[in-house]
1. Take the residues in segment 169-195 that are buried (at least 24 other Cβ atoms within 10 Å of the Cβ) and part of a helix (DSSP H, G or I); name whichever of them is nearest to the ligand (Cβ to nearest atom).
2. I'm trying to understand the selection: among the residues of segment 383-393, which are assigned to a helix (DSSP H, G or I) and away from the ligand (no atom under 16 Å from the Cβ)?
3. So residue 156 fits all but one of (1) away from the ligand (no atom under 16 Å from the Cβ); (2) touching a helix residue (DSSP H, G or I) at 6+ places or on another chain (Cβ under 9 Å); (3) free of Cβ contacts under 8 Å to residues at least 60 places away in the same chain; (4) part of a loop (DSSP other than H, G, I, E, B); what number is the exception?
4. Can you name the condition, by its number, that residue 23 falls short on among (1) surrounded by 20 or more Cβ atoms within 10 Å (Cβ to Cβ); (2) out of contact with any helix residue (DSSP H, G or I) (no Cβ under 6 Å at 6 or more places or on another chain); (3) at pLDDT 95 or above?
5. Where in segment 196-297 are there helices (runs of 4 or more DSSP H), lying wholly inside it, with at least 1 residues that are more than 20 Å from the chain's Cα centre (by Cα)?
6. Among (1) within 16 Å of the ligand (Cβ to nearest atom); (2) farther than 17 Å from residue 414 by Cβ; (3) part of a helix (DSSP H, G or I), there is one condition residue 330 misses while meeting the rest; what is its number?
7. Name the single residue, out of those in segment 339-382 being part of a helix (DSSP H, G or I) and within 10 Å of the ligand (Cβ to nearest atom), that is farthest from the chain's Cα centre (by Cα).
8. Go through the residues of segment 118-139 one by one and say whether even a single one is in contact (Cβ under 8 Å) with a residue 40 or more places away in the chain and under 24 Å from residue 251 (Cβ atoms).
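The values are calculated or read from the model by the stated rules, or taken from the named source; none is laboratory data. All values reported here derive from a predicted model rather than from experimental measurement. Virtual Cβ from ideal backbone geometry, glycine too; neighbours counted across all protein chains shown.
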Ligand code: SF4
């Protein structure tokens, strides 16, 4: 991959640090590709045993960065003893509103591979697989792997698939040569994952955080962030902003500072957590942490903030996003396959002024919740319900006039809009 400035390399998303850089350390002039430069920047990589790694993750309250925020220590401890697991690094990033994993893989591939090796060494893993969508990023990671003394243990795989392949079980199925959709039954990867083996699967940023923790130790790691959510994290800010960005922030940074850094216009509302996340009224004082976003009814997800400003038709944005969510159903669970298009049709009717469909949509959302083999319908229902709770004024305008006379500007970057904006969507 050519050494370009981060903003050029990643579809116009500027890589920004709003704290003392950790994940982005040494990347201010472009990707930190060379293994020797990387080691000179970050230092030698410790090799803790499993008990030490679990206790460090516990002490640092390290949570996964893929969306669910699952405690890393719990996942490590769930691996059965005396069986050699597989380690899977999930770099598929199928959330259209998130760019942080692509940017991190591009800028700091060795930090991610370091984290994978820390887990592999601690668990005596038989294989380490890194899964990505983008063939160019896969090649980039292969180049990085070839530079490393431990690179022979790494396999970089390209997987295809839609939104739901980001779900761990769908990814493992795709890696095993199956369809890139979740299996119909619930199963725990830590018990039965890739090739039937216990599997530790987590998001690329989680592995980079593990590499930081191994070097900093729990106390050093917790020197920024909040007491309950130590450390830094990556967020993707897009929508009605002049400067779309992937920013490394100290967890707990106020939303207002992030919006100012992204040069956001006055936001009418925001969406946090992506397309399985929530619409919220903008509260500049809201801390960007799982607890901070949850305290106002939102979800942090994979660190997504989308700004919906007053220039766009917010209901039209909701309709485009819900159409896309419906299209991304894997089509194997009835309530998801039929319920999500019904939800999208309800929003289409509201857009044309039929507010009787608000209650119908709420019924449809309730009917799909908890009825799928994966969390897709629940996430879509949460997204729509929260929008209906926030967009009261817009609904009233559409009810009264059959529209709001604003264009739909594509502030929510579903792939249709993303292509027009030149983002790097690869399926
Ligand atoms: S709930 Fe939807 S997306 Fe998830 S497995 Fe079933 S059909 Fe596929």
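1. First, the residues of segment 169-195 that are buried (at least 24 other Cβ atoms within 10 Å of the Cβ): 170-172, 182, 193.
Now restrict to residues that are part of a helix (DSSP H, G or I): 170-172.
Details: 170: 8, 171: 13, 172: 14 Å.
If we take residues in segment 169-195 being buried (at least 24 other Cβ atoms within 10 Å of the Cβ) and part of a helix (DSSP H, G or I), then 170 is nearest to the ligand (Cβ to nearest atom).
2. Going residue by residue through segment 383-393, those that are assigned to a helix (DSSP H, G or I) are 383-390, 392-393.
The answer is 385, 386, 387, 388, 389, 390, 392, 393.
3. Tallying (1) away from the ligand (no atom under 16 Å from the Cβ); (2) touching a helix residue (DSSP H, G or I) at 6+ places or on another chain (Cβ under 9 Å); (3) free of Cβ contacts under 8 Å to residues at least 60 places away in the same chain; (4) part of a loop (DSSP other than H, G, I, E, B), residue 156 fails exactly one: (4).
4. (2)
5. Numbers: elements: 204-221, 255-261, 290-294.
Helices (runs of 4 or more DSSP H) meeting the threshold: 204-221, 255-261.
6. Residue 330 satisfies every listed condition except (3).
7. The initial filter retains those residues of segment 339-382 that are part of a helix (DSSP H, G or I), namely 339-351, 357-368, 376-382.
Checking which are within 10 Å of the ligand (Cβ to nearest atom) leaves us with 339-340, 368, 376-380.
Numbers: 339: 25, 340: 22, 368: 23, 376: 14, 377: 17, 378: 17, 379: 13, 380: 15 Å.
So, considering only residues that are part of a helix (DSSP H, G or I) and within 10 Å of the ligand (Cβ to nearest atom), the one farthest from the chain's Cα centre (by Cα) is 339.
8. At the first step, the residues of segment 118-139 found to be in contact (Cβ under 8 Å) with a residue 40 or more places away in the chain are 118-119, 121-137, 139.
Filter again for under 24 Å from residue 251 (Cβ atoms), leaving 118-119.
Yes, some residue in segment 118-139 is in contact (Cβ under 8 Å) with a residue 40 or more places away in the chain and under 24 Å from residue 251 (Cβ atoms).
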